[in-house]
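The values are calculated or read from the model by the stated rules, or taken from the named source; none is laboratory data. Just so it is clear, the structure is predicted and the values come from calculations on it, not from any experiment. Counting neighbours? That spans all protein chains shown, and the Cβs are built from the backbone with ideal geometry, glycine included. Ligands, DNA and RNA are stripped out before the accessible areas are found, and what is left, the full protein with its side chains, is counted by its heavy atoms. Shrake-Rupley method; radii C 1.70, N 1.55, O 1.52, S 1.80 Å.
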Amino acid sequence: MPDSDWLEAAAPRLSRRSLLFQALSASLAGFAVPVLAQEGQVQSLGSLGSVLDTLLPADEFSPSATALRVDQDVMDFVAQNQLMLRLFVAALGWMDSLSDRPFGELPAQQRIAILSAMEQADYNQIPGRFFHILRSVAIEFYYARPEAIAGYPLSPAPQPAGYPPPWS
Amino acid sequence: MLEAGPGFDPVTDYPLDKTGWERRGFPAKPGSQGQVSYGDLGLFEAENEDLRAWSRGGYPWRAPSGQPRPASVSGYSHVMGVGGSTLHYVGESHRLHPDAFNTFSKTGEGVDWPVGYAALEPYYTLVEKVLGVAGDDGDGARWRSAPYPLPAHPLSPGAQALIAAGKRIGQGWGVNPRAALSAAYDDRTACNYCGQCSRGCPLGDKGSTDVTFLRQALGTGNLQLLSEATVIRLITGPNGRIVQLELHHAGQTHLVETPVVVLAGGAIQTPRLLLLSADPEHPDGLANASGQVGRNFMETLNWVSAGLVSDMRNSHMGLPADAIWWGPGIEAGFRLNHTTLETGLNGPIGYGTRLIAGFGSGFKQAMRAGFGQALAVGGIGRVVPDERSRVTLDPELRDVHGLALPRISSVLTPASLQRLRHMANAARAVLREAGAEIVSESGSASEFSATHVFGTARMGEDPKHSVVNAFGRTHDHPNLWIADASVFPGSGDGESPSLTIMSLALRTADAIHTQ
Ligand SMILES: Cc1cc2nc3c(=O)[nH]c(=O)nc-3n(C[C@H](O)[C@H](O)[C@H](O)COP(=O)(O)OP(=O)(O)OC[C@H]3O[C@@H](n4cnc5c(N)ncnc54)[C@H](O)[C@@H]3O)c2cc1C
Ligand code: SF4
């Protein structure tokens, strides 16, 4: 079989993310990491929860990202890597500085507009790189939870039942 | 039998009944992932922009062209363990096309094999019986002396769409022979279509060698199997015979005497061990009077195009890789298969990180509406090795035993890249005919990623240009045999190799027995 990168699942996918933003490390060097976000024990990362809930809000089928504790998963992931931590601190700090109020206190429309701009931004700059890394990490943690797949033609796990035919 | 890696228990080691399954690949255990390093992988040239990897739902990062071609995250993808890479293989069970043994005579590319289809056919039949291959008997030129042991599996929604679309554009798609049980067989239960073969089959119905050949061999009481035992050197005696093996097991080094050695470490580790075993009599490594050990390395020439088909339902259900098109002929030298499940589009994370862009409530809705609509086509094609394609010993990097890592250099020739383009265009054509909007592609031009590797101890009649003879015996050492993919003189025309590796190995076993 050909393409097998997906097979490497979580750990290597996450390590690829580390590689992808190493080019940014020089621009991240100046960012001090606050006490609540030291490598190995991140307890709080500013507006992370609001950013996650703007990316993956609650709807009639499934809860929001923070309701499924994706914020904690992301913090645990970020805590493993100093460069990643610096990227998150720098980007979230920048997002909070865009207006007179932190990101989490902005109206929904404004939050969406900021994330849309980041989505289109240069991938080699902090806002663009942060958006795409966070989006993919968040999707991975969120959709790993069975509550997130309500409304999908999926069982919580492929076994023990499998998917015997008919399939139409 | 000495196996460097650990054993895997299908019931406890493949937790596909636990939530969060999509984040887990085939499990890693201590010692189950070999290390390699990479040398020259060629360049990703600007003229191959049309073969660049991209995806709508993934990172917008683009590998710069004109730069060295990187290895992908998985690179040389393999498992070290009892059963080797069949533990995570999908289980496509292909006989080589009869013409693929004569590639040079038929196309002027590569070399001919010293063995042909007719000599291997009885072994193909035997291997299919041991694995429990399910197929449909109309295999065309790949004539058979016996029917498949099991009937073909029902076709998944994705396979049905490709067969119908292929028919309209002259691609004759059909059933792909699979080492997965369509009915209970050999004390093993039937497949329940969980779609996760590459994560390890918890039912044990997939025909990996641990649950088939090795289980049966252990059952005879004649096989002694030692896992986590790494052979680090072969030691020669008079007349070039191998007299001892040096191995590491449980923190100690042991010397074991042996009358016969069958080396089956795969196309990377086999040449490495031969090179590591150099001694004053054999300064360039064992079995290497020809200088061919490690040379002629062939990677997997691969392509995947994936799209969304708005009227498709439940494409995540069924058996992975259940349909195949054997391609337009020997000149083209490739085949396509249905690869939706095997390429990981069987769960929402695959969709969200590759197929569907955006965020917010619109994204969540698009995910729900689009799930089950993915359709992917994969291609694998013939590779003819470039002069630079070879496995050598890394001059600096060492493993835990202090031994040089194998270093892979692999450069795609212009002919291989042209073949890749032909494969990509054929994959795109059938997907579009099936109504797909293509949103993600990847392939060998912009990244090295190899699941099938060959050629580094190739077989041939002439000891000047090959390492083993047609039965797998090394030309230089009367009691050293090789039984893995390193003996392949050619890659075939995209056929998956395990059935041929196993058939050649049984033929080697017969030859040893006769001798
Ligand atoms: C994701 C994926 C999907 C695949 N799908 C298919 C498919 O559908 N159909 C197909 O036919 N093929 C498939 N393949 C390819 C197939 O798995 C391999 O071609 C095949 O397993 C190679 O067999 P081998 O005997 O050459 O080597 P391996 O399978 O690599 O076995 C070599 C064994 O030797 C052991 N070893 C190595 N060095 C030493 C040492 N020094 N001492 C002791 N032990 C050692 C290793 O640990 C390993 O267990 C797939 C491969 C991958 C990665
Ligand atoms: S699809 Fe079938 S063969 Fe593959 S892992 Fe699931 S049960 Fe095993």
Next item on the list: For an R0 of 60 angstrom, estimate the FRET efficiency from the Cβ-Cβ distance between B:Ile512 and B:Gln67 and round to the nearest 0.05.
Entry: 0.80
Item checked: Alpha-carbon radius of gyration plus Dmax, which is the widest Cα pair, for the protein assembly as shown in Å -> 25.6, 86
Check: What is chain B's relative contact order, in percent, from Cα pairs under 8 angstrom and six or more apart in sequence?
Finding: 24
Check: Quick one: putting +1 on the C-beta of Lys and Arg, -1 on the C-beta of Asp and Glu, what dipole do you get for the protein assembly as shown around its Cα centre, in Debye to the nearest 20?
Finding: 580
Checklist line | Buried solvent-accessible surface, both chains (B, A), 1.4 Å probe, Å² to nearest 100 | finding: 5300
Item checked: Apportionment of accessible area to carbon and sulfur, segment A:81-168, percent (1.4 Å) -> 56
Checklist line | Largest-first principal axis extents of the Cα set of chain B (Å) | finding: 72, 54, 46
Notebook entry, point to check: Between segment B:228-306 and segment B:152-176, how many Å separate their Cα centres?
Noted result: 42
Checklist line | Shielding score for B:22-30, defined as the mean number of other chain Cβ atoms within 10 Å | finding: 5
Checklist line | Per-residue ³J(HN,Hα) for segment B:374-389, Karplus 6.51 cos²θ - 1.76 cosθ + 1.60, θ = phi - 60°, Hz, x for Gly and Pro | finding: 5, 9, 10, 10, x, x, 9, x, 5, 10, 10, x, 6, 3, 7, 7
Check: For the protein assembly as shown, what is the mean residue ellipticity at 222 nm derived from helices alone (per DSSP H run of n ≥ 4: -39500 (n - 2.57); sum divided by total residues; nearest 500 deg cm²/dmol)?
Finding: -8000 deg cm²/dmol
Check: How do the peptides B:258-271, A:112-125 rank, highest first, by the average count of neighbouring beta carbon atoms within 10 Å per residue?
Finding: B:258-271, A:112-125
Item checked: Set of lysines with alpha-carbon distance to B:Lys129 below 29 Å, sequence-local pairs under 8 removed -> B:Lys206
Margin query: Quick check: net charge around B:Gly362, other residues with Cβ under 12 Å of its Cβ, Lys/Arg +1 and Asp/Glu -1?
Written below: +1
Next item on the list: For B:Met80, list long-range residues whose amide hydrogen, built 1.01 Å from N in the peptide plane, is under 5 Å from its own amide hydrogen.
Entry: B:Gln33, B:Gly34
Note to self: If every alpha-carbon in segment B:14-96 counts as one equal scatterer, what log10 I(q)/I(0) does Debye give at q = 0.26 1/Å?
What the structure shows: -1.22
Note to self: What whole-number distance in Å separates the alpha-carbon centres of segment B:59-108 and segment A:53-72?
What the structure shows: 39
Next item on the list: First check a/c for segment B:294-398, with a ≥ b ≥ c the square roots of the eigenvalues of its C-alpha gyration tensor; if it is under 1.5, answer rounded, and if not, answer prolate when a/b is larger than b/c or oblate otherwise.
Entry: oblate
Margin query: Using a 10 Å cut-off around each Cβ of peptide B:348-356, what is the average number of partner chain Cβ atoms that fall inside?
Written below: 5
Note to self: Per residue of segment B:32-49, what does 6.51 cos²θ - 1.76 cosθ + 1.60 with θ = phi - 60° give for ³J(HN,Hα)? Whole Hz please, x for Gly and Pro, Karplus curve as stated.
What the structure shows: 8, 10, x, 9, 9, 10, 10, x, 7, 10, x, 10, 8, 7, 4, 5, 9, 3
Notebook entry, point to check: Dipole magnitude of segment A:32-144 about its Cα centre, charges +1 at Lys/Arg Cβ and -1 at Asp/Glu Cβ only, in debye to the nearest 20?
Noted result: 220
Notebook entry, point to check: If all Cα-Cα distances of segment B:110-174 are sorted into 5 Å bins from 0 onward, what percent lands in each bin, rounded to whole numbers?
Noted result: 3, 15, 17, 18, 16, 15, 11, 4, 0
Item checked: Charge sum, other residues only, whose C-beta stays under 13 Å from A:Leu98's C-beta, Lys/Arg counted +1 and Asp/Glu -1 -> -1
Item checked: FRET efficiency for B:Ser145 and A:Ala67, using Cβ-Cβ distance with R0 set to 56 Å, rounded to 0.05 -> 0.35
Checklist line | Cα centroid separation, segment B:392-431 to segment A:89-168 (Å) | finding: 34
Next item on the list: Would you list which aspartates and glutamates come within 15 Å of B:Lys18, measuring only between C-alpha atoms, while excluding same-chain residues fewer than 8 positions from it?
Entry: A:Glu147
Note to self: Quick check on segment B:1-148: take the gyration tensor over C-alpha atoms, sort the square-rooted eigenvalues as a ≥ b ≥ c, and tell me if it's rounded (a/c under 1.5), prolate or oblate.
What the structure shows: oblate
Notebook entry, point to check: Per residue of B:363-374, how many C-beta atoms from partner chains lie within 10 Å of its own C-beta, taken as a mean?
Noted result: 4
Next item on the list: Of the options A:Gln125, A:Leu55, A:Met95, report the single residue whose Cα projects farthest towards the positive end of the charge dipole of segment A:32-144 (beta-carbon charges: Lys, Arg +1; Asp, Glu -1).
Entry: A:Gln125
Next item on the list: Using amide H atoms built 1.01 Å from N in the peptide plane, name the residues 5+ places from B:Gly327, or on other chains, whose amide H lies under 5 Å from its own.
Entry: B:Leu336
Note to self: If you count only protein heavy atoms with a 1.4 Å probe, what accessible area per residue comes out for the protein assembly as shown, rounded to a whole Å²?
What the structure shows: 37
Notebook entry, point to check: With a ≥ b ≥ c the root eigenvalues of the C-alpha gyration tensor of segment A:32-144, is it rounded (a/c under 1.5), prolate (a/b larger than b/c) or oblate?
Noted result: rounded
Notebook entry, point to check: With θ set to phi - 60° and the Karplus curve 6.51 cos²θ - 1.76 cosθ + 1.60, what are the ³J(HN,Hα) couplings of segment B:117-127 in order, to the nearest whole Hz, using x for Gly and Pro?
Noted result: 4, 4, 5, 8, 3, x, 6, 4, 4, 5, 4
Next item on the list: Return the carbon/sulfur percentage of the accessible area of segment B:175-310, one whole number, probe 1.4 Å, all protein chains in place.
Entry: 51
